[in-house]
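The values are calculated or read from the model by the stated rules, or taken from the named source; none is laboratory data. Everything quoted here is computed from the prediction, not taken from an experiment. Cβ sites come from the backbone with ideal geometry, for glycine too, and all protein chains shown count toward neighbours.
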Amino acid sequence: MKVFLFSFLMVSACFHSQFLESYPEDQVSYTGGDTAFYKDFHQILKDQNISPCENKEEMYELKLVVYEDATVKIVKEQNAEKLERNKCTYEIIKKVLPEMTGWNPAIYQDKKMPAVAEFPIYLNDLFDKFPNGYAASKYIKQPEFPGGLQKFRNKFTGAIRIPNLDHTNGEFTLRIAFEVNEQGQMENVRLLDKTGYDRFDASIIKGIQYMKYKWQPGSLHGIPIKTTLKVPIHFTFH
């Protein structure tokens, strides 16, 4: 019998051990995906007869690390005020997670690795009115850049300073990832693809960090949330 463990030892958001910041696109952190995660969460609420929070608008952005042995640890919330606002939801999460047994370690280069998984928890969706096939992602409004995504691409390509690269021609597409926080600011910029030219890769990251434009943040039921975006950018060299 496989035993699944849960630890309440909080993981610092800045921990230094090697881990993946997100799951590979063809893998899921929970068997059956987000739909199964929320279904199991809902069932545990019922089985344990857990009462809803008094504040129906509480929403906690659960972020945790799934380790190689299928144990999980919550990533420590850095915003104490946000944690206090959603304290009831957070305490319920701590009751429910130890009962959830569907965790899958990430596989990267044929090796199990710790990886970050994220689940927005809007508890009011998960009690009596829980709909079949529910996943929070179905109710999330994505962030919007003023003028649209193409405007962002144009602003981005104008912001980067491309270094001289020998023997470089042709065209390729890179995917960049970043988070848009609750205030509409970009954070945690990273490349999902590498070019093999370190100076070029660094110039892309620096270009995005240089951009000070604000987004309209994503939201769940009208509540601003931190959202991860993955944006393809096309380059042509002659």
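Summary of values
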{"item": "Single condition T173 does not satisfy, out of (1) assigned to a loop (DSSP other than H, G, I, E, B); (2) at pLDDT below 85", "result": "(1)"}
{"item": "Subset of region 26-57 [at pLDDT below 95 and in contact with a strand residue (DSSP E or B) (Cβ under 9 Å, 6 or more places away or on another chain)]", "result": "E57"}
{"item": "The listed residue being among the hydroxyl-bearing types (S, T, Y), in contact (Cβ under 8 Å) with a residue 60 or more places away in the chain and outside the structural domain of L62 (by TED's automatic domain parsing), out of T227, T195", "result": "T227"}
{"item": "First in region 130-154 and assigned to a loop (DSSP other than H, G, I, E, B), second anywhere and small (G, A, S), Cβ under 6 Å, 6 or more apart", "result": "Q142/G218; P143/G218"}
{"item": "Options D40, D69; residue that is in a helix (DSSP H, G or I), touching a residue at least 12 places away in the same chain (Cβ under 8 Å) and of a type in the set (D, E)", "result": "D40"}
{"item": "Residue list for region 192-238, filter: surrounded by fewer than 16 Cβ atoms within 10 Å (Cβ to Cβ), assigned to a strand (DSSP E or B) and in contact with a Leu (Cβ under 9 Å, 6 or more places away or on another chain)", "result": "K230, P232, H234, F237"}
